[in-house]
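Following: one structure in structure tokens, then a few remarks.
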Amino acid sequence: MKKIYITGGWGYGNYGDNAILAGMLQSLKSRLKDSELIITSFDTNELAVQNNVESIPSVHSLFTKNIIARLWHRFSYWLWRKSGYKWMFSSALNKHLKILKKSNLLLMGGGGYFNDAWPSMLNSKYAELELAEVANCPVMLYGQTIGPFSDYTIKNSLSKKLNKISFISYRDAQSAETLKKCDFNFSNALLTADEANLLPIIKKNYLKNNDGKVVIGVMIQNFRPHLNVSGVSIGPTIADSSSYISEVVNALNAISYLMPCHFVFMTSTTWDLKTNKSVFNEIRPFQSSTKEFINNFDTDQFISTCQHVDVMLSTNMHPIILATTAHKPSVALSYHYKLDDYMESVGQRGSVLRIDNFSSDTLKDAMLKVVENRFIFQVNIKNQHGLVKELAKLNCGALLKLLDIDES
């Protein structure tokens, strides 16, 4: 029996990343039947409620929750690194080390968290890599976006850390640029796709009966500058949050006036709840247009809601991925190159606007074009998404090869 220690970006109030875990577990359980999966999570209760999955507190949660406990965990970890004596460890960290010593693989699951935008998370990943090295446990990055990173981080820590990893499957072409800067051996790397692409369509529809209106899913995150692989993109036309919200609201109000539609606001990340709610509150439906706001899903409800809209408007990646699994078209207000890359991979590059470089008119026009041609888009997405799903399957294929498991 293979034992796999799994860590990743779930348990943070992000339904999209919890959907990644759902996709990962589906792949692993179907293709690696004789296995034990030990899952770590930032919030174990969240995974229990939303994914019906048992987990243990992650290293990142130990390093960041509860000020007294986190100081002890960090101090004991520092002492261990300096002295090499594992008795210096806190009992919780020692538990992770013991599990890794008995594991065949440390699997760092997919998401967009492997960068230096969140230093505490990156340091926790470094700690996991060091624990795995001591435990003589191989490591695989699984369907990750790698970066963006500052040159300072790449030169001073990242290159050394990445080259201790046995295999990297990365989910967007731009991540390869980061790996090149780190001189990573590309014979141990592979371009794949996000595991959420493999999720099946959930037949149960949790949405209200909308009397034949066009159902438009809406997820609007907090304002931020658009990032390319080198950092912040140049040439923004929107400078602040109030202007950003105003342009989105004006676009949606215009659409509501022009056609009968039903807006379904879905907050996929807890930290974006306020902004998404602000846009919702300012929408004024005209004629037969309506709106609803949904929050506090479990993961299946979130997946189903994204799959049963007619068109998705999202600043976040996973509402778009999940809509795509049902071949539903999207318009992306993109904040990151990973989303630009994904939209291109499913034939929707023309439906991408930068989160910091659009107007109410350009957003309205992009939305109307997709709504009016949504059935044509669906056929094209179905064809393109089949290729993306094949890429997503390569994640587990690479894992099986790393563990020397023959599926046949």
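The values are calculated or read from the model by the stated rules, or taken from the named source; none is laboratory data. Note that the structure is predicted; figures quoted are calculated from it, not measured. All Cβ positions, even for glycine, are placed from backbone atoms using ideal geometry, and neighbour counts span all protein chains on display.
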Checklist line | Within region 37-72, considering residues that are modelled with pLDDT of 95 or more and surrounded by fewer than 15 Cβ atoms within 10 Å (Cβ to Cβ), the one nearest to LEU129 (Cα to Cα) | finding: GLU54
Checklist line | Filtered residues of region 381-408 (kept if surrounded by 14 or more Cβ atoms within 10 Å (Cβ to Cβ) and among the small types (Gly, Ala, Ser)) | finding: ALA392, GLY397, ALA398
Margin query: Looking at SER187 and the list (1) at pLDDT below 90; (2) among the hydroxyl-bearing types (Ser, Thr, Tyr); (3) surrounded by fewer than 16 Cβ atoms within 10 Å (Cβ to Cβ), which single condition is not satisfied?
Written below: (1)
Note to self: Of everything in region 105-135, what is under 19 Å from ASN18 (Cα atoms) and either charged (D, E, K, R) or more than 20 Å from the chain's Cα centre (by Cα) (or both)? Give them in sequence order.
What the structure shows: LYS125
Check: Which condition number in (1) assigned to a strand (DSSP E or B); (2) of a type outside the set (S, T, N, Q); (3) free of Cβ contacts under 8 Å to residues at least 60 places away in the same chain is the one that LEU333 fails?
Finding: (3)
Notebook entry, point to check: Pick from region 176-228 the residues that are of a type in the set (Ser, Thr, Tyr) and in contact with a Gly (Cβ under 7 Å, 6 or more places away or on another chain): which of them is farthest from MET343 (Cα to Cα)?
Noted result: THR178
Next item on the list: Would you check which residues across region 226-245 are under 30 Å from TYR170 (Cα atoms) and more than 24 Å from the chain's Cα centre (by Cα) and list them?
Entry: ILE234, GLY235, PRO236
Next item on the list: Out of VAL388, VAL371, report the one residue that is under 24 Å from the mean Cα position of the chain (by Cα) and either not in a strand (DSSP E or B) or not assigned by TED's automatic domain parsing to the domain that holds VAL232 (or both).
Entry: VAL388
Margin query: Could you check region 336-368 and list, in sequence order, the residues that are part of a strand (DSSP E or B) and among the hydroxyl-bearing types (Ser, Thr, Tyr)?
Written below: none
Item checked: Single residue of THR290, THR267, THR299 found to be closer than 25 Å to SER359 by Cβ, among the β-branched types (Val, Ile, Thr) and in the same structural domain as PHE223 (by TED's automatic domain parsing) -> THR267
